[in-house]
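First comes the structure, then the notes that go with it.
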Amino acid sequence: LSLAIVLDILSSSHYIDVTLPSGSLSSFLLTMKVHLIFLFLPYLVLSLPIRTTPKPQQERKLPEAIIIGVKKAGTRALLEFLRLNPHVKAPGPEVHFFDNNFEKGLDWYRSQMPESVEGDITIEKSPSYFISKTAPSRIKEINPKMKLIVVLRDPVTRAISDYTQASSKRRLGQMPSFERMAVGDCAPWSKVNCSVKTRGVNSGWGAVRIGQYHKYLQRWLKEFPLDQFHFVDGQKLIDEPAEEVKKVEEFLGLKPVVTPADFEVDSVKKFPCIKNPDGTHHCLGKTKGRPHPKVAETVLKRLKRFYEPENDRLFSMIHQNFQWN
Ligand code: A3P
């Protein structure tokens, strides 16, 4: 462009005072000018200051909400489904800051979080917080306004799921049957004292103990008011995922964007998977939605009876009912 201007000045004959055959220099300069302008046009366009909205500031924020549990109730499914909302930012792996990694400090905790912009909500999920003695007070210390999400599931089904996971980690035949663990003499290597039973059930066995939800929730309610909790129905999360996710989006103060069109039931596992825009599916990994062993009816009934008063305590504690009893 500068060259074109120079040529323009030259052609005005202040600097070139040569008599040439009629108009030959001026028409040459004009052609040159036109060529040069076209030659430099892309550069000119690209170098123009482009008016764009300033890029939002990216930062790693501490979580404003945590999925605190309950293990084997559908916590991974909830997190994956919530991430369909572009304003939900969450680390993939469980962070376990408030139970196992607290000594690593807040800077480490923050470094585990993904980058987010204003209007996003950072969340994490570590289901073992629910049964942790230290997590409630530590979380309160860091953020007394923390939103706490608890996925709950029929404690009998949850116990079988827990057992299925534990057996998958042992060699075939090493794990006693679910019945023996839940109501029998347990395993010789088990730490559980199976001689002490509550209403005929090994209530000290981890898989059964965790299902006494009210006992753990009591600790949390000493630190946080009930309105800071949101309870997700783990069974509805399987049957009507969009409905359950919408309630969580609202609890987080987000405009709900997740709809039934985002899901499709996997024909083999019979669990909902995420439908991608390109038509592919994203199902949870093979450790989720495992087939459960068939449990004797008498044992199921005994467990159901055992949990009834425990569930009632939970329901009156949270002013909410689940169809488990
Ligand atoms: P099972 O594998 O025993 O069926 P968590 O993620 O809290 O550990 O919970 C695991 C459970 O989530 C699974 O237990 C499964 O029942 C349940 N779940 C809920 N929605 C699911 C989904 N869409 N895909 C797979 N499992 C899902």
>> So if each residue of separation counts as 0.36 nm, and I subtract the Cα-Cα distance between W108 and Q165, what length gain in nm does that give?
In response: 17.5 nm
> So how far apart, in nm, are the two label points at D312 and Q57 if each is 7 Å from Cα heading toward Cβ?
Replying inline: 5.5 nm
> What accessible area per residue comes out for segment 60-318, rounded to a whole number of Å², with a 1.4 Å probe?
Replying inline: 48 Å²
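Return the FRET efficiency for the residue pair E115, D278: r is the Cβ-Cβ distance, R0 is 25 Å, and the value is rounded to the nearest 0.05. Let's see the in-between values first.
On the way: r = 25 Å, r/R0 = 1.00.
Computed FRET efficiency for E115 and D278: 0.50.
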>> Run the numbers for K236 and Q323: contour at 0.36 nm per residue of separation, minus the present Cα-Cα distance, in nm.
In response: 30.3 nm
>> I need the Kirkwood Rh of segment 71-223: take the reciprocal of the average 1/r across all distinct C-alpha pairs and report it in angstrom.
In response: 17.6 Å
> Of the listed peptides 95-103, 293-301, what is their order by residue-averaged count of other C-beta atoms within 10 Å, with the highest listed first?
Replying inline: 95-103, 293-301
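The values are calculated or read from the model by the stated rules, or taken from the named source; none is laboratory data. From a predicted model like this one, the values you see are computed outputs, not experimental measurements. Glycine also receives a Cβ, built like all others from the backbone with ideal geometry; neighbour counts cover every protein chain displayed. Keep in mind that these areas ignore ligands, DNA and RNA; they rest on the heavy atoms of the full protein, side chains included. Shrake-Rupley method; radii C 1.70, N 1.55, O 1.52, S 1.80 Å.
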